[in-house]
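Quick notes on the structure that follows.
Each reported figure results from applying straightforward, stated rules to the coordinates on display, with no laboratory input. The structure displayed is predicted, hence computed values, not measured ones. Cβ coordinates were reconstructed from backbone atoms using ideal geometry, including for glycine residues, and neighbour counts include every protein chain displayed.
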Amino acid sequence: MNVMNYTRRVESWQPKQQAGDRNAVLSQMVKTLCTEEFFAVNPELTHEGIVERLVKRESQRTTAVGDGIAFPHARLEHLSQALIAVATFDEPVMFEEFPVRIICMFLVPASDASISLKLMAQLSRLLMDPAIREQVMEARDAETLRDIVKEHNPRIDKPIVARDIMRPPRFSIREDEPVSKCTHVMSVNNLLAIPVINDNHEILGEITVGRLFRFGLPDFFSKLKSVSFIAEFDPFEKYFEAERNTLARDMMEPKARTVSMDYTIMEIVFDLAIRNFTKLYVTDEHGRWVGTIDKSVVLDNVINH
C-alpha cells in the first residue's frame with residue numbers, strides 16, 4: 001500500500017523551517033498539520049492535547065534514529081485516519097543529545113497503532129540514502145519536498161527490519177581501554193552489556209554484566225551448592241588486583257551477535273527471546289556498527305509503539 005494513498009492527502013510538507021526548542025518545533029508542526037477544518041471534524045482532539053502526547057512519547061525515549069532524522073509520533077483516540085508531517089531545518093533541533101534536521105511526524109489512530117511504525121520504517125529506509133537526504137534538505141517548497149518522497153513510492157506493506165527499529169550507537173569501549181572504565185560506564189548508564197570496538201567502528205566482542213561478575217572468582221564457585229562453609233571468604237581482593245591490569249580485549253566475549261540492517265523482526269525476536277542474546281549489534285555492508293537492538297527496543301517500538 002502506498003504511503004501517500006493511505007494518508008488520503010492528510011499531509012503537511014514543511015521545508016526550511018525555523019529551528020528552536022524541540023517542543024516548540026513540534027507544536028508548530030502540529031499547528032500547520034492540524035487545521036481548523038481538522039479540529040472541526042475531530043472535536044474530541046485539541047492542539048494542546050496532541051502536543052502533550054508527542055512530548056510524553058519523547059520523554060520516554062527519544063525518537064531520533066541517527067543521520068539527523070527523528071520520528072515523533074502519537075497514538076490518538078477518536079482519530080479516524082493517519083496524518084503525516086515532514087519538516088526540514090537548516091539548523092539542528094536537539095532531540096536529547098541528537099541534532100535533528102529532518103522531522104517526520106505521525107499521528108495515528110489508537111486502534112491501528114502499527115501504522116506509525118510501518119510509516120516510520122518506510123521513510124527511514126528512504127532517508128538512510130545520503131543522496132535522497134540531500135535532495136530532501138535542498139527542497140525549498142512543499143510541492144518539491146512531497147514529490148521527492150512520492151517519487152520513491154514508500155509502501156507500508158513491507159516487513160519491518162533491523163534498520164527500522166534500531167537505536168543509534170551510544171556507549172562502547174575500545175579494545176585497549178581498561179576494564180575499570182568499562183565497569184564505570186556500565187554502572188552509570190545501567191547497561192547489561194557494552195560492545196568492544198576498534199578504530200573502524202567494527203564490533204570485536206562484548207562485555208556483559210555476567211562476565212564482569214564471574215571475572216576474578218575462583219573456578220570452584222560455579223560448582224558450589226552453597227557458600228555457607230566459606231561465608232567469610234573475600235574473593236574481591238583478587239578481583240580488584242586483576243581489574244587494574246586488565247584491558248577490554250582480555251575481558252570481552254567474542255560471541256557478540258551482529259546482524260545486518262535487513263534482519264527481519266521475526267529473526268530479531270528469535271535471537272533475543274529464544275537464543276537469549278542480550279543485545280543485537282546492527283552493522284552496515286562494511287561491517288561497521290550502526291545501531292543496537294535489545295528487548296526494550298522491541299517492547300518500545302513494536303509492542304508498545
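What FRET efficiency, computed as 1/(1 + (r/R0)^6) with R0 = 30 Å and r the Cβ-Cβ distance, is obtained for H78 and V55, rounded to the nearest 0.05? Efficiency for this residue pair is about 0.95.
When each of the peptides 137-148, 195-206 is scored by the mean number of other C-beta atoms lying within 10 Å of its residues, the order from highest to lowest reads 195-206, 137-148. Using the average count of surrounding beta-carbon atoms within 10 Å as a protection proxy, the listed peptides 260-273, 76-89 rank, highest first, as 76-89, 260-273. Among T46, T62, the ranking by other beta carbons within 10 Å of each residue's beta carbon, starting with the fewest, stands as T46, T62. In order along the stretch 78-95, the phi-based Karplus estimate (6.51 cos²θ - 1.76 cosθ + 1.60, θ = phi - 60°) of 3J(HN,Hα) comes to 6, 9, 8, 8, 6, 10, 9, 9, 10, 10, 10, 9, 6, 9, x, 9, 7, 9 Hz; Gly and Pro are listed as x. Across the stretch 3-158, the mean sequence separation of Cα contacts (distance under 8 Å, 6 or more residues apart), normalised by length, yields a relative contact order of 29 percent.
Cα extents for the stretch 14-172 along the principal axes, largest to smallest and rounded to whole angstrom: 43, 33, 32.
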